[in-house]
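What follows is a single structure, written as structure tokens, with notes after it.
The values are calculated or read from the model by the stated rules, or taken from the named source; none is laboratory data. Quantities reported herein were computed from a predicted structural model and do not represent experimental measurements. Backbone-built Cβ (ideal geometry, glycine too); neighbour counts: all protein chains shown. These accessible areas exclude ligands, DNA and RNA; they are computed on the full protein's heavy atoms, side chains included. Shrake-Rupley method; radii C 1.70, N 1.55, O 1.52, S 1.80 Å.
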Protein chains: 2
Amino acid sequence: MPVGWVESPLTDRVQAPRQADEGAPPAWLAFEAGVAEALRDLRPGTEIIVVTWLDRADRDVLVTRPRDDPGRPLTGVFSTRSPDRPNPVGLHRVSVTAVDGLRVQVGGLEALDGTPVIDVKPVLDLAAER
Amino acid sequence: MPVGWVESPLTDRVQAPRQADEGAPPAWLAFEAGVAEALRDLRPGTEIIVVTWLDRADRDVLVTRPRDDPGRPLTGVFSTRSPDRPNPVGLHRVSVTAVDGLRVQVGGLEALDGTPVIDVKPVLDLAAER
């Protein structure tokens, strides 16, 4: 069950950038009222990992090649950023830019409008081991 | 539906370290035969993010405090590493140490034996934006 949904001007998968630094727009995350307490320490400036369920992905895909380089060999999806994969989990490292009740604005999110949000993590989860 | 399962000497949540650098043991990831092709570019030395479903978590928890510091104020789980949260997704940054068919050995995985694996990502997904 999603804890929230992405509200974004991105509505078309082909138009969506593959990486945040390729020009993804700001987006709002609209959370369910039932998880309000879980959100309460998010602040503008906080870096988070938004975990999404990429509901428009093709779950039958096991190997792929980059869209922009069709000459490359096929690569197993567990070694790629492809949204097409058996369980299409999306990980998005973004900064919180505003908080308005159950709505959290983030910068540079490469997920389509309506994408379910399943979890939010501190960036510490993956960066602190370095 | 899981793509695989964790095989680890860790069987007890209290004994499990909270972060990989606190001494988590090596573990094997045993994948389903149906996703063999998705694995094919994993090699010893590859750094990956293993995405798990922390099936022994308490999904009713919205606020928590560190186990080792009960004097600290309650914190919303979206700002913590707590496995207890509405959708208990685990993110584990680890290195591949061996590959044997459908079995992949990784170093320092802080997940319990039998934990479902739902996805595997290249570390690029979260590190390349820096």
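Look through B:Glu37, B:Glu32, B:Glu47 and report the one residue that is without any contact (Cβ under 8 Å) to a residue 12 or more places away in the chain, more than 12 Å from the chain's Cα centre (by Cα) and more than 30 Å from A:Ala36 (Cβ to Cβ).
B:Glu37
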task: Working carefully through the options B:Gly108, B:Gly101, find the one that is at pLDDT 95 or above and at positive phi.
output: B:Gly101
field: Hits in segment A:1-44 (condition: open to solvent by less than 80 Å² (accessible area, probe 1.4 Å), in contact with a Pro (Cβ under 7 Å, 6 or more places away or on another chain) and at pLDDT below 95)
entry: A:Leu10, A:Gly23, A:Ala24, A:Pro25
